[in-house]
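Written out below as structure tokens is the structure these notes cover.
Taken together, the values in this text are just the output of simple stated rules run on the coordinates, not laboratory data. Note that the structure is a prediction, hence the values are computed from the model and not measured. Cβ sites come from the backbone with ideal geometry, for glycine too, and all protein chains shown count toward neighbours.
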Amino acid sequence: MGAIETVLVANRGEIAVRVMRAAKVMGLKTVAVYSDADAKAMHTRSADIAVPLGGMTVAESYLNIEAILEAARKTNADAIHPGYGFLSENTAFAAACSEANVLFIGPPASAVKVMGDKALAKRAMLAAGVPCIPGYQGEDQSDETLTQQIQEMGLPVMVKAAAGGGGRGMRLVQTDDELLQAIELAHSEAERAFGNSDLIIESAIKGARHVEVQVFADTHGNVIHLGERDCSLQRRHQKIVEESPCPVMTTELRQEMGMAAVEAARAVEYVGAGTVEFLLDAKGNFFFLEMNTRLQVEHPVTEAVTGFDLVQWQIRIAQGEPLPAAQDDVDLFGHAIEVRLCAEDTTAGFLPSSGPVSLFNVPQTEGLRVDTGIETGDMVSPFYDSMVAKIIAWGETREEARLRLCSALCGTALIGVAHNREFLMNLLSDATFVNGLATTDFVDQHYRDGFTSVPIATSDVAAAISLQHIIAAQQHFDSALSVSSELRGWVSTGASSVSYRFEIDGTVADITIETRSATEFAIYIADDVHTVLYEDCESGLASLLVDRDRKFISFHAVSNSVLEVSCQYSSFTVTNLDLIPSENQDTPQGGRVTAPMHGQVISLLVEVSQKVECGQRLAVFEAMKMQHEILAPVSGVIRELNGQVGKQMAAGDIVMVIEEEDSD
């Protein structure tokens with residue numbers, strides 16, 4: 001194999017930026033590909049060359065093998081890095097790269113075929129003697145067979161897509177009533193996400209940890225592991241927090257799991273980076289889950305505790321070089337924790353959020369790393385995954401890493417889209433996580449009804465209102481050229497007071513602002529009063545003293561009357577209702593069924609004139625690769641149907657209208 005000179009990254013977002021960063025360190029030229037929706041995305045700005053694929057959806061762009069290979073031909077790329085997701089575990093793509101004489105930076109197609117299919121992988125591991133979860137991985141995919149297998153195994157069980165991962169096509173079944181619907185939705189999600197509707201069934205092991213082992217293999221017969229990662233904090237089977245090493249790992253258990261992972265890789269003649277995933281029960285028994293034949297989202301925590309650049313390793317191995325280290329050279333030092341900052345509404349069942357990012361900033365401190373594909377001014381697209389960034393903290397101890405990560409999240413601002421920052425902060429501060437005791441069912445048990453942020457502190461509201469008042473006054477004075485700067489904020493009678501009606505994240509309140517000077521205020525909120533002294537403001541970050549306590553507030557002024565802010569423990573919007581024109585308010589939604597997020601209608605289950613009951617399934621939406629059911633808010637008759645299968649709809653668009661039944 002010749003040396004690689006130009007790498008095309010067949011992916012988007014933070015992983016594309018991450019791969020390009022490693023390639024540039026090695027002196028390689030980089031090529032980005034992008035959809036129409038990503039024309040101005042960060043990864044296109046990070047590459048030496050950017051080539052359009054066309055289309056908005058994944059199928060039209062990042063899954064378009066012909067278009068990607070044509071981009072490689074046009075740019076003389078001699079290698080393609082697939083990142084993760086999309087075509088990274090697609091055997092047809094790996095084969096197509098070979099036929100086009102373009103090096104695929106990944107394992108051989110034979111290994112991808114076996115390990116990329118959960119059914120084939122389990123059969124191979126069972127044959128190799130690797131402990132596996134009891135279940136069904138047969139070829140008969142009829143509802144009757146799957147139902148019979150589940151009944152014989154006994155509930156609860158996990159229904160999983162045989163192809164792919166990321167939590168898509170996966171359902172936990174705990175009651176007989178859920179069974180057929182879970183199979184139906186899992187089939188549908190699997191087909192749409194991976195082009196393969198096959199499922200496997202596994203017994204649900206409660207109270208287990210999700211522990212995975214990073215392996216690497218070269219073309220010279222060398223296979224090693226780089227320790228483990230604990231990925232037990234999950235929601236909807238998607239990882240939220242990952243760390244290395246695992247809090248309960250022992251030297252003996254690491255050696256045993258590591259060797260099992262190495263043998264799993266050897267069994268399929270693996271080459272490159274791979275991750276062997278296990279469930280670890282409370283007794284120390286572990287069971288093979290699957291092998292991901294690609295780089296993992298959470299690979300930075302392994303890099304942090306080993307000091308190795310895994311993307312550079314991938315490129316070097318693809319060039320035919322031997323592994324840069326032997327097993328005895330691998331030593332884990334310190335502890336690393338990673339969180340996934342996602343654009344999602346935690347107050348609305350974690351529905352994906354999309355739109356322009358007014359401000360994105362993470363404080364840069366020692367021991368902190370941020371992998372992202374978003375900058376201030378970019379868009380979070382409704383067409384792709386909701387992850388905005390990965391924030392990784394390293395420390396000499398687990399507690400040091402945790403505290404560094406908590407501090408970083410406190411100072412992080414993501415304004416313009418709903419996000420899970422406060423949820424992540426809550427997780428990291430929970431006693432169960434602090435003590436290293438979290439298992440895969442932790443989030444489901446502790447956040448069964450979703451997540452509710454802590455009440456917004458009136459001191460934060462006072463700071464935000466003062467800042468909003470200053471910004472509005474500044475814009476007013478800027479337009480009043482006859483007012484000298486010395487007189488701004490001065491009144492002849494001393495302190496002056498004015499009351500406004502504010503809306504703070506949906507809650508309306510009458511608040512009084514007492515102006516003592518151009519930079520000093522007293523804010524009266526119900527029975528609370530706070531003194532605020534404005535200090536400084538630069539690049540969307542303001543410093544204020546609130547009751548002599550310094551607060552830093554990240555903000556975006558939408559207008560004179562609307563200010564979006566991010567404080568240490570809360571994010572909210574302040575609107576001065578008296579500064580905006582009165583608008584007629586819509587009547588309550590009643591029988592209007594609106595799109596819960598920007599997404600695509602993939603099925604409509606009702607027709608005009610059909611009678612429906614409250615809670616009945618009406619439609620299924622797909623957004624950011626996940627499917628979401630829409631239920632009837634009231635009982636009645638469908639009188640209007642605006643949604644169409646295959647149609648993209650924005651959040652709030654009316655999908656259908658139900659004429660409510662009389663209450664009597």
Exercise. Among Val532, His598, Leu545, whose Cα sits farthest toward the positive end of the charge dipole of the range 503-641 (+1 at Cβ of Lys/Arg, -1 at Cβ of Asp/Glu, about the Cα centre)?
Worked result: His598
For this session: For the chain, find the longest principal axis of its Cα atoms and tell me its angle to the long axis of helix 179-194, 0 to 90°, nearest 10.
Result: 90 degrees
For this session: Output the relative contact order of the range 209-446, whole-number percent, from Cα pairs under 8 angstrom with separation of 6+ residues.
Result: 21 percent
For this session: In whole Hz, with x marking every Gly and Pro, tabulate ³J(HN,Hα) for the range 635-648 from phi via Karplus 6.51 cos²θ - 1.76 cosθ + 1.60, θ = phi - 60°.
Result: 8, x, 10, 5, 10, 8, 9, 9, x, 9, 4, x, 7, 7
For this session: Count neighbours as other Cβ atoms within 10 Å of each site's Cβ, and list the trypsin sites (Lys or Arg not before Pro) in the range 545-581 that are DSSP loop with at most 12 such neighbours.
Result: Arg548
For this session: Let me have the relative contact order for the chain, percent, based on Cα pairs under 8 Å that are six or more residues apart.
Result: 9 percent
Exercise. What ranking do 58-65, 642-649 get when scored by the average of other Cβ atoms within 10 Å per residue, highest first?
Worked result: 58-65, 642-649
Exercise. Taking the Cα centre of each part, how many Å lie between the range 293-322 and the range 73-92?
Worked result: 17 Å
Exercise. Can you give the angle from 0 to 90° between the axis of helix 458-479 and the longest principal axis of the chain, with both taken from C-alpha atoms, to the nearest 10?
Worked result: 70 degrees
Exercise. When only alpha-carbon atoms count, how far does the chain stretch along each of its three principal axes, as whole angstroms with the largest first?
Worked result: 87, 66, 54
Exercise. Can you give the charge dipole size of the range 248-351 about its Cα centre, rounded to the nearest 20 debye, using +1 on the beta carbon of Lys and Arg and -1 on the beta carbon of Asp and Glu?
Worked result: 100 debye
Exercise. By how many degrees, between 0 and 90 and to the nearest 10, does the Cα long axis of helix 251-267 differ from the longest principal axis of the chain?
Worked result: 60 degrees
For this session: Evaluate the charge dipole of the range 134-203 about its Cα centre and quote only its size in Debye, nearest 20, assuming +1 on the Cβ of each Lys and Arg and -1 on the Cβ of each Asp and Glu.
Result: 380 debye
For this session: Grab the beta carbon distance between Gln327 and Cys614, set R0 = 60 Å, and tell me the FRET efficiency rounded to 0.05.
Result: 0.50
Problem set entry | For the chain, size of Cβ-based charge dipole, Lys and Arg +1, Asp and Glu -1, in debye | 1360 debye
Exercise. Can you list the lysines whose alpha carbon is less than 17 Å from that of Lys390, not counting same-chain residues fewer than 8 positions off?
Worked result: Lys239
